[in-house]
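Shown next, in structure tokens, is the structure this report addresses.
The values are calculated or read from the model by the stated rules, or taken from the named source; none is laboratory data. All values derive from a computational prediction rather than experimental measurement. All Cβ positions, even for glycine, are placed from backbone atoms using ideal geometry, and neighbour counts span all protein chains on display.
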Amino acid sequence: MSQPPVVRACCLPSAPAGAGPVPPPPPRAAAERPAHPEVALPGGVFAMGDAFGEGYPADGETPVHEVELAPFTIDTAPVTTARFAAFVEATGHRTDAERAGSSAVFHLFVLADPADVLGRSPAAPWWLEVRGADWRHPYGPLGDSEDLRDHPVVHISHRDALAYCRWAGRRLPTEAEWEYAARGPLTGRRYPWGDELRPDGAHRCRIWQGRFPDLPTGEDGWYATAPVGSYPPNGFGLADVAGNVWEWCADRFDPAYYARSPRFDPRGPGDDEGPTGNDGTAGDRRVLRGGSYLCHDSYCNRYRVAARTGNTPDSTSGNCGFRTVADRPGHPRTFARGARGGRTRPASSTVRQDRC
Ligand SMILES: [Ca+2]
Ligand SMILES: [Cu+2]
């Protein structure tokens, strides 16, 4: 057995909500589905993984390996609060954060009575568990998301994202699809736009500016999320892959996966592949990509395009959202294997917030 890798505190709290399975909403009739600004990608072969050796070893960004994908379409930006609101209005979906009654909010941004601050993460003390924080109240019950309609929706669990996808007739990207789309036409680069974080001094993504975690400068005009598309898109037309919010992918997360993943359309470890993840939750974690407004080189460089992390499927926080993909008509994924059912973690009253 290998040693459990050290989890480097990052900008993503793990918070088992224990809310039970989310009932699937009925799929929407095609004519009623919301339009997603999206881009059609040709697929093909690309080099997946960290060519610079800059990832945290526990994340498993290596080895770099060739992956081949079928054509697909992908949202040009994360799903916004407005789009998610349309889904909730149509289906009555209650998110995991709403069912749990609380979610994790970054300490400087809390809009709540002190009595509604339920706890602080010992390992990542910038995360506070706030009663009443959810997608409608990203910073707590004393604020709302009315002014954030064009921002990425947050406090979304993997299960919430899947429920949205079922309704919208879409799906979550596989981790490989996400990285291929995020890289754009560039090969082996560090960021979606090249190798330099700030070419000519320009901010190219919504990440932490200033001293983390107590002194944000808001140099680019934002402190938390920014409206989607606030920065130039990559060469495929995708905005906000680096920074802004973490984005759920379909796959289970296993740091050792790249060493054994198939070349064609890898979809992550299956239920039958034994324990995965480095936090002791066998096979439970799902992949998250892209980093968020809390990432900063001083402690978490996961806004790089190869960076990966995972979290339990019912975890929610103020920096976690998603974007969706769809197969292209006439281009079915030809490498399909059997569908896998999800597992639900047992209910827990403990909130673990040990990551960024
Ligand atoms: Ca992102
Ligand atoms: Cu981070």
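What the table below lists for this structure:
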read-out: Selected residue (criterion: nearest to the chain's Cα centre (by Cα)) from residues of region 227-254 that are assigned to a loop (DSSP other than H, G, I, E, B), of a type outside the set (Asp, Glu) and within 16 Å of ligand 2 (Cβ to nearest atom); value: Val245
read-out: Near pairs, Cβ below 9 angstrom, 6+ apart or cross-chain, from region 308-321 (basic (Lys, Arg)) to any residue that is assigned to a strand (DSSP E or B) and within 14 Å of ligand 1 (Cβ to nearest atom); value: Arg308/Cys249; Arg308/Val287; Arg308/Leu288; Arg308/Arg289
read-out: Single condition Asp214 does not satisfy, out of (1) under 20 Å from Val287 (Cβ atoms); (2) surrounded by fewer than 18 Cβ atoms within 10 Å (Cβ to Cβ); (3) touching a helix residue (DSSP H, G or I) at 6+ places or on another chain (Cβ under 8 Å); value: (1)
read-out: Residue match in region 170-191 (condition: part of a loop (DSSP other than H, G, I, E, B), in contact (Cβ under 8 Å) with a residue 40 or more places away in the chain and within 16 Å of ligand 2 (Cβ to nearest atom)); value: yes
read-out: Selection within region 235-255 - closer than 26 Å to Ile156 by Cα, out of contact with any helix residue (DSSP H, G or I) (no Cβ under 7 Å at 6 or more places or on another chain) and not acidic (Asp, Glu); value: Gly237, Ala239, Ala242, Gly243, Asn244, Val245, Trp246, Ala250, Arg252, Phe253
read-out: Residues of region 93-130 classified as farther than 20 Å from Thr312 by Cα and free of Cβ contacts under 8 Å to residues at least 60 places away in the same chain, total; value: 8
read-out: Any hit, region 307-321, residues being outside any loop (DSSP other than H, G, I, E, B), in contact with a Pro (Cβ under 9 Å, 6 or more places away or on another chain), at pLDDT 95 or above and under 20 Å from Val39 (Cα atoms); value: yes
read-out: Residues that are charged (D, E, K, R) and under 21 Å from the mean Cα position of the chain (by Cα), drawn from region 125-143; value: Glu129, Asp134, Arg136
read-out: Yes/no for Asp240 being farther than 21 Å from His107 by Cβ, within 12 Å of ligand 1 (Cβ to nearest atom) and either surrounded by fewer than 24 Cβ atoms within 10 Å (Cβ to Cβ) or acidic (Asp, Glu) (or both); value: yes
read-out: From Ala161, Ala104, Ala115, residue being in a helix (DSSP H, G or I), within 28 Å of Asp251 (Cα to Cα) and not charged (D, E, K, R); value: Ala161
read-out: Flag for Arg204 being out of contact with any Ser or Thr (no Cβ under 8 Å at 6 or more places or on another chain), surrounded by 16 or more Cβ atoms within 10 Å (Cβ to Cβ) and of a type in the set (Lys, Arg); value: yes
